[in-house]
Structure formats: structure tokens, C-alpha cells
Amino acid sequence: MEKQIKMSYMAASSLLLLLFFSGSPIQILGLGVGINYGQIANNLPSPSRVPYLLKSLNISRVKLYDADLNVLLAFSHTNVDFIIGLGNEYLPNMTDPIKARNWLQQRVQPHLPQTRITCITMGNEVFKTYDHQLWSNLLPAMQTVYNALVDLGLDKQVTVTSAHSLDILSISFPPSTGSFRQDLSEYLHGILNFHAEVKSPFLINAYPYFAYKDNPNEVPLDYVLFQSNQGTVDPITNLKYDNMLYAQVDAVYSAIKAMGHTDIEVRISETGWPSRGDDDEAGATPENAGLYNGNLLKRIEEKQSTPAKPNVPVDIYVFALFNENLKPGPASEGNYGLYYPNGTPVYNIGVQGYLPGMVYTSPSTKIALSVVSNVLFLVIAYLIFA
């Protein structure tokens, strides 16, 4: 019996793989959105199951915070574009050309081209650390890794950048007056020159939720949730903003322009809203999270642009795919996920995904029969509706 179950599982799984990754129509909704795949948890589904979920959502861009071998292998031949990351702790080593080249040869090159790695982020929110040595290491690390990519002939398919928090700004409103903090100018000048030279994007982690949480009596909730509202007007440009996220993006564009660059694209590497928080974290509810991400996805589908950059659709990676139960900090930190680790949506955003059941060991059967039934259900549905 056990042997038959295993054979049925393998056959059904093979067919499911074929259907999912051969361009078949088993898709719920096409979204031009990226997703952050954080893994600070001990209850997440195995990486081999996650491609099915993303494929069912028609999401084809993923951002990691490392270069997890199991994830990159699981997404081989799936046509998913990956941003992979090097943590802040690796930046000092990456200023060494030999170590940078070795890392690329060990962690990136073996996965190409079967896994589509398109970008490497050097550190995350480095300027939030107030570690001046780390600040000094960021640009040399970016340059060294990029030069190693050139030496390996990979620079045309893999680019280099870094993700920054919005507190690198000293002024964010009105957006046209956006400017970077003075204490960061000597570092950001070089980083912006690098982006302009290699034509890589400037990444920001933008969370209107933080502004609302800190001032719930002053910041209109509808304005940060993309709901109908009066909006705000930039008194200098007369441009109207009906949501805070777009105002934040344009403030970064203004800050970059103030440093002499108009040829660098700003992309949102993280944005989201927590579904749960501590008592002092105003607005962290499933209802608000559903409105924020649901409305955001609609705008992404419409390829909306910001008022100051009407010809540049906003490029966004939502944070995050799953709730993460081991994230330190307040309760909100672990509750940004669109999905619980078992594949159940945390709230309704108008799209449905599919996470296959897992193979596990139990006293009676060593295979979960539900896996076979779920897989066969999808196969039958495909045969009926294809």
C-alpha cells in the first residue's frame, strides 16, 4: 500500500510540475509584483513547495535576504527572477576582490542560468546601523562585487545595489523638497555615482505604516491605505498625492536629483502592513493589512506611476510572503506575511494561491494522502478547463 501511495504521489507531482512550469493556464491572477521571501521562522514550508504557491499567484519576482542554496535549487527552471542578498556582516569581506570572486563562484555562478538571479543587494538598511565602519564599507563592497561580476562575464545578467530605509531622508514632505541627511551625503554621493555608472536601481524600504503608527491622530488612515481621501498637494509643484507611498518615492527622487542625478530609477524593495501588533502599535490589524496590500496590488496591476514620474511605473516588492515567528522586536515584525506558513491567507486580498501538502512520516502511513488528492484535483481541473 505504501509503495502504491508513493508511486501515485510521484506520478501526480511530476504531472503537476509539468503543468505549473510549462506555461499552462493554472493561474489565478497575474500580478506585476515582486515578493520578499523572508525565512526568520522555524515553521515555514520547505523551499520545494514554495514555487507552486508563487506560480499559482503568477508571481515571478522574488527577493531573498541571502543566497539560500535550497531556495535557489527549488526554483531552478521556473522562470522566476531573483534578487539575492549579502547580509551586513559580509560587507567587510566583500571589499576583498578574491573573497568577492570566491563568493560569486560558490553561491551565484553554479545556479546560472537555470535559476534566474538578476540582482545582488549588498547589505540591508546599512545606514540604520549607525556603524560608521559599515557605512564606509558599503560602496567598496558594491564596487568590488560588481567588478568581480565583470571579470566572470556575469555583469550583463546580474546587477548590484543596496536597500535603504526611508530614514536616510532628512526631509520627505513636500516631496519636491526631499533631501538626504547631511551626515550621509559623503557616502551617498559615491553610491549614486555607482548606480548611474552601472545603471542599477536605488532601492528603498518604504512603510507608510510606520508614519501612521507613530502619529495615528495626525496621519489620515485612508491616505496611507490607498483609500478614497482628499489627498495632499505639493505647494511647489502643485502635484496632488492621494497616498503616502507615492509621496515617499518622489521625495527620494528629489533627494537624488539634489545630488545631481536624474538618471537613476527608484524601486521599492519592501513595503507592507502588519496584520497584528502590540497594544501600542496602532493600526496593525488584518483589516488594514488587507486594504493596504489589496489596494496596492490593484495599483500595480494598473502600472501606476507617481505624480513626479508619470512615465515610470512604480516597481514594488511586497513584504512579505509568510509570517515569520522568530523575528525579533515588536509583534508586528513577524506579522507582515500575506500567508501563514501552512499556505492559508492571513487575510483576503482578492487572490488565491495553492501550497501543496507535504510529505511526512507518521506511524500509519509515511505519505500524506492529502498530497495525492490535492495534486490529482488540480490535474483533473486542468484537464477539464484547459
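The values are calculated or read from the model by the stated rules, or taken from the named source; none is laboratory data. Note that this is a predicted model, so its numbers are computed, not measured. Glycine gets a Cβ as well: all are built from the backbone with ideal geometry, and neighbour counts include every protein chain shown. In case anyone asks, the SASA skips ligands and DNA or RNA and just uses the protein heavy atoms, side chains included. Shrake-Rupley method; radii C 1.70, N 1.55, O 1.52, S 1.80 Å.
For the reader, a short list of remarks on this structure follows.
Rundown of residues vs (1) under 20 Å from F210 (Cβ atoms); (2) in contact with a Cys (Cβ under 6 Å, 6 or more places away or on another chain); (3) open to solvent by 20 Å² or more (accessible area, probe 1.4 Å), yes/no style:
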position	(1), (2), (3)
M244	yes, no, yes
A247	yes, no, no
H261	no, no, yes
V266	yes, no, no
D278	yes, no, yes
E281	yes, no, no
L291	yes, no, yes
G294	yes, no, no
K298	no, no, yes
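- Qualifying positions in region 313-345 - touching a helix residue (DSSP H, G or I) at 6+ places or on another chain (Cβ under 7 Å) and open to solvent by 20 Å² or more (accessible area, probe 1.4 Å): V314, N325, K327
- Qualifying residue in region 170-178 (condition: under 30 Å from A67 (Cα atoms), open to solvent by less than 30 Å² (accessible area, probe 1.4 Å) and of a type outside the set (D, E, K, R)): no
- On the stretch given as region 278-337, residues that are in contact with a Phe, Trp or Tyr (Cβ under 7 Å, 6 or more places away or on another chain) and not aliphatic (A, V, I, L, M) total 16.
- Test result for K309, under 22 Å from A282 (Cα atoms) and surrounded by fewer than 20 Cβ atoms within 10 Å (Cβ to Cβ): no
- Residues (touching a Leu at 6+ places or on another chain (Cβ under 9 Å) and either surrounded by fewer than 20 Cβ atoms within 10 Å (Cβ to Cβ) or not aromatic (F, W, Y) (or both)) located in region 76-88: T78, V80, I83, I84, G85, N88
- Among the residues of region 94-112, those that are surrounded by fewer than 18 Cβ atoms within 10 Å (Cβ to Cβ) and touching a residue at least 40 places away in the same chain (Cβ under 8 Å) comprise D96, P97, Q105, Q109, L112.
Condition check ((1) polar (S, T, N, Q); (2) at pLDDT below 95; (3) on the phi > 0 side of the Ramachandran plot) across all residues:
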| residue | (1), (2), (3) |
| --- | --- |
| E2 | no, yes, no |
| K6 | no, yes, no |
| S14 | yes, yes, no |
| F21 | no, yes, no |
| V50 | no, no, no |
| D68 | no, no, no |
| L91 | no, no, no |
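- Inter-residue pairs, beta-carbon under 6 Å, first farther than 19 Å from L297 by Cα and in region 203-232, second assigned to a helix (DSSP H, G or I) and aromatic (F, W, Y), 6+ apart: V219/Y212
- Taken over region 42-73, the residue count meeting the criterion of being of a type in the set (A, V, I, L, M) and surrounded by fewer than 16 Cβ atoms within 10 Å (Cβ to Cβ) is 2.
- Residue among V62, V71, V80 that is of a type in the set (A, V, I, L, M, F, W, C) and out of contact with any strand residue (DSSP E or B) (no Cβ under 7 Å at 6 or more places or on another chain): V71
- Taking the conditions (1) under 21 Å from N36 (Cβ atoms); (2) in contact with a Gly (Cβ under 9 Å, 6 or more places away or on another chain); (3) not polar (S, T, N, Q) in turn, P208 satisfies each one other than (2).
- Taking the numbered list (1) assigned to a loop (DSSP other than H, G, I, E, B); (2) touching a residue at least 40 places away in the same chain (Cβ under 8 Å) in turn, A247 passes all entries but (1).
- Pairs where the first residue, in region 131-147, is open to solvent by 50 Å² or more (accessible area, probe 1.4 Å) and the second is small (G, A, S), C-beta under 8 Å, 6+ apart: N147/A100
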